[in-house]
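Visitor: Let me give you the structure first, and then I'll get to my questions.
The values are calculated or read from the model by the stated rules, or taken from the named source; none is laboratory data. Here the structure is a predicted model, which means the values were calculated and not measured. Every residue, glycine among them, receives a Cβ derived from its backbone with ideal geometry; neighbour counts consider all protein chains shown.
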Amino acid sequence: MLQSDFSSTSTIYKDTSPAGTLCYIDPEYQRTGLVSPKSDVYALGMVILQLLTARPAIAVTHVVETALENDELACVLDQDAGEWPIDEAKELAYLGLSCAELRRKDRPDLKNKVLPVLERLKAVADSAQRSTSMTRPTPPNHFICPIRKDVMVDPCVAADGYTYDRRAIEQWLEESDSSPMTNLPLTSRSLTPNYTLLSAIMEWKSTT
């Protein structure tokens, strides 16, 4: 079992047999038989690269390195995970590669280097999620009044068969006898409430 006290500058190495898949085991363990906190950093780096790309651990470091060198990281990112913020994805990719360095001494310190980056990236992700949740989704087109270009409050059907917000169509009819949609004369100024559409709009508002 690996023991590490982050509050201390000393590192305790154990001569033990770590369990796990070969691709995640510290390469230096295979040479020295010793594990340390940097062994966990190596495994973390491999996990980060796999989370970014959804590729097998074998050769994933080469794939990401090549993509970064050619400025083509977006091409190897996991497309099923959605749209990646490229700057943050690059930073995470570089972090993963540094953690997965073959030599233990070249890997960053978990407490002082790795965790601060992960915490900052998490804060960015949390902020983006809050911003997205506060943005109301685009309403369906048939909820929009053709005159006001906004979601209808009191939808009514006019003589031309189109639905408008009552206040908007009443103001229109004060100045015109033609249809706002077809520009043809209206046979009547009567307005019929569109209760079905009103119900759909109210339901949409209650869930957004």
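Visitor: Please specify each residue of segment 23-42 satisfying the condition of being in contact with a Phe, Trp or Tyr (Cβ under 8 Å, 6 or more places away or on another chain) and either in contact (Cβ under 8 Å) with a residue 24 or more places away in the chain or crowded, with 19+ Cβ neighbours inside 10 Å (or both).
Guide: Tyr24, Asp26, Pro27, Val35, Ser36, Ser39, Tyr42
Visitor: Taking helices (runs of 4 or more DSSP H) that do not extend beyond segment 24-94, which have at least 3 residues that are more than 27 Å from Glu119 (Cβ to Cβ) and modelled with pLDDT of 95 or more?
Guide: In segment 24-94, the matching helices (runs of 4 or more DSSP H) lie at 60-69.
Visitor: Residues to consider are Ser4, Ser10; find the one that is modelled with pLDDT under 85, within 18 Å of Leu118 (Cβ to Cβ) and assigned to a loop (DSSP other than H, G, I, E, B).
Guide: Among Ser4, Ser10, only Ser4 is modelled with pLDDT under 85, within 18 Å of Leu118 (Cβ to Cβ) and assigned to a loop (DSSP other than H, G, I, E, B).
Visitor: Does any residue of segment 174-189 turn out to be touching a residue at least 40 places away in the same chain (Cβ under 8 Å) and surrounded by 11 or more Cβ atoms within 10 Å (Cβ to Cβ)?
Guide: no
Visitor: Which residue is surrounded by the most Cβ atoms within 10 Å (Cβ to Cβ), if the candidates are limited to segment 101-116 and must be at pLDDT below 95 and in contact with a helix residue (DSSP H, G or I) (Cβ under 6 Å, 6 or more places away or on another chain)?
Guide: Checking each candidate, the answer is Arg104.
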